[in-house]
Amino acid sequence: MNYALKKVAVIGGGAAGFFCAIRLKELAPATEVTIFEQQHKVLAKVAISGGGRCNCTNSFAAIRDLTQAYPRGATLLKRLFKQFSPQDAYTWFEDHGVPLVVQPDECVFPKAQDSQAIIDCFMQQARRHKINIVYGRRIDDPISLLNDFTDVAVTVGGMQHSQLQLPTPLSTPVPSLFTFNIHDDALHQLMGIVTETTITSIPGTKLKADGPLLITHWGMSGPSILKLSSYAARYLAEQNYQAPLSVNWTGETNAEKVRETLVEIMENQSDKRLIDNIHPYDLNARLWQYLLHKIQLDGKRIGDIGKKALNRIVETLTNDQYRIASRCHYKDEFVTCGGVPLDTINKHTLESLTTPHLYFAGEVLDIDGITGGFNFQAAWTTADAVARAITK
Ligand SMILES: Cc1cc2nc3c(=O)[nH]c(=O)nc-3n(C[C@H](O)[C@H](O)[C@H](O)COP(=O)(O)OP(=O)(O)OC[C@H]3O[C@@H](n4cnc5c(N)ncnc54)[C@H](O)[C@@H]3O)c2cc1C
């Protein structure tokens, strides 16, 4: 093998694979780069991502601690962001002809509101840099490619059903970012109702998430639930996706404050008024009715709400109990928790510790984030790190 001329194989034509290939050519134009893609189409997930709009990164303005955004891989990403940060990704896309826009929720999308803008950019760069793309070629043994290539970058994405032979065992891949099936017909009737400020948690654990919650015709979804599924990905897999769920519908963690708020609202109302007609915390009227019905207090007059009844209302508002029956398979956004363990790779170069010249980037690594553009950002940053390491 002539190591003076780098000849790199990239396995997987997804987000991380394309970004790695393009960065390799940008950093060292003489490098020969070949992408092997098992399908007859590349960048398939980019196309469907973000509802077809591709939430390609995040401003990170609302993130105080990276573990909030990345339940797995935060420490490694913190280090790699020094080389290629979310701001660098933002600038890269704009410099390569993809104007971006930051939404009020800090998610970043192409201004065109179309994931095709990212795909066109990558395909154009691939053509410009003469990157070889081999379609319909599945690679099961990346190490064998080292006979023909100086370096191999494995960017095959989540590995739940992969046959790939790797030098070290994987941290078992399990799903993350899914919604919950809950068997409760009365709840299903409320489908479409969004409660903006909730805290969801799994009783008996420290697993907790906050944000808007959407009631669906199968159970619960929305950012609070998706985030909880990410934080609890491994725990829920161990429980076979059957676990208790607590919902705080107020977003207020101090139950005493909730009690005070309720007392204040009730004191300003006539004793004869039905409790059903007050809507604390701007709760949707039908949801409030459902919660009161659950504790058999619907139809009661405010004057009849004694201390015990008030306790029940506070408990329902702050610690409403459900049972997760299973995980929903509808793939709104979905990533893999698990993959190549981070202690089997060099933390700076992402090169295998046991097989020199074998690198990993993207979702194949045991790194995954919550929704909001964090998963693509991990793909860009890790792909850039591999390209830098190979061309150093
Ligand atoms: C519906 C949906 C919406 C999403 N929306 C967003 C979003 O808006 N923002 C966000 O940040 N994240 C989003 N994600 C997550 C994001 O798509 C992934 O994190 C990201 O695509 C990971 O990039 P990757 O290159 O590592 O893997 P992938 O994009 O999965 O690419 C891997 C590629 O490798 C190929 N491959 C696999 N095995 C082999 C093999 N043995 N040989 C050759 N080729 C192989 C695959 O066919 C695929 O093309 C979404 C995910 C889904 C499913």
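The values are calculated or read from the model by the stated rules, or taken from the named source; none is laboratory data. Note that the coordinates shown come from a computational prediction; the quantities given were computed from them, not determined experimentally. Cβ: placed from backbone, ideal geometry, glycine included. Neighbour counts: every protein chain shown.
A few comments on the model shown:
- Some residue of segment 131-148 being within 19 Å of the chain's Cα centre (by Cα) and modelled with pLDDT of 95 or more: no
- Among the numbered conditions (1) within 30 Å of the chain's Cα centre (by Cα); (2) at pLDDT below 95; (3) more than 16 Å from the ligand (Cβ to nearest atom), the only one that His279 does not meet is (1).
- When residues of segment 49-76 are limited to those that are crowded, with 22+ Cβ neighbours inside 10 Å and hydrophobic (A, V, I, L, M, F, W, C), the one farthest from the ligand (Cβ to nearest atom): Leu76
- Yes/no for Asp271 being surrounded by fewer than 16 Cβ atoms within 10 Å (Cβ to Cβ), out of contact with any strand residue (DSSP E or B) (no Cβ under 8 Å at 6 or more places or on another chain) and outside any helix (DSSP H, G or I): no
- Selection status of Val263, more than 30 Å from Gly369 (Cα to Cα) and among the aliphatic types (A, V, I, L, M): yes
- Considering (1) without any contact (Cβ under 8 Å) to a residue 40 or more places away in the chain; (2) in a helix (DSSP H, G or I); (3) closer than 22 Å to Val194 by Cα, the lone condition that Leu291 does not fulfil carries the number (1).
- Within segment 155-191, the set of residues being within 16 Å of the ligand (Cβ to nearest atom), in a strand (DSSP E or B) and polar (S, T, N, Q) comprises Ser171, Ser176.
- The requirement of being among the acidic types (Asp, Glu), more than 9 Å from the ligand (Cβ to nearest atom) and within 18 Å of Lys82 (Cα to Cα) is not satisfied by Asp304.
- Residue match in segment 334-344 (condition: β-branched (Val, Ile, Thr), farther than 30 Å from Val101 by Cα and either more than 13 Å from the ligand (Cβ to nearest atom) or in a helix (DSSP H, G or I) (or both)): yes
- Any hit, segment 95-108, residues being in contact with a Leu (Cβ under 7 Å, 6 or more places away or on another chain) and within 11 Å of the ligand (Cβ to nearest atom): yes
- Residue match in segment 218-236 (condition: over 17 Å from the mean Cα position of the chain (by Cα), in contact (Cβ under 8 Å) with a residue 12 or more places away in the chain and surrounded by fewer than 18 Cβ atoms within 10 Å (Cβ to Cβ)): no
- In segment 24-43, the residue that is nearest to Tyr90 (Cα to Cα) out of those that are crowded, with 24+ Cβ neighbours inside 10 Å and more than 11 Å from the ligand (Cβ to nearest atom) is Leu24.
- Yes/no for Thr205 being more than 24 Å from Thr382 (Cα to Cα), surrounded by fewer than 17 Cβ atoms within 10 Å (Cβ to Cβ) and either more than 19 Å from the chain's Cα centre (by Cα) or charged (D, E, K, R) (or both): yes
- Residue check for Thr336: under 38 Å from the mean Cα position of the chain (by Cα) and within 23 Å of Leu170 (Cα to Cα): yes
- Options Ser352, Ser326: the member that is modelled with pLDDT of 95 or more and in contact with a Pro (Cβ under 6 Å, 6 or more places away or on another chain): Ser352
- Output for segment 345-392, where each listed residue is assigned to a helix (DSSP H, G or I), within 24 Å of Leu5 (Cβ to Cβ) and not small (Gly, Ala, Ser): Asp384, Val386, Arg388, Ile390, Thr391
- Among the residues here, Ile265 does not qualify as assigned to a helix (DSSP H, G or I), closer than 21 Å to Asp185 by Cα, aliphatic (A, V, I, L, M) and assigned by TED's automatic domain parsing to the domain that holds Gln289.
- Asn311, sole failed condition from (1) in the same structural domain as Val33 (by TED's automatic domain parsing); (2) surrounded by fewer than 21 Cβ atoms within 10 Å (Cβ to Cβ): (1)
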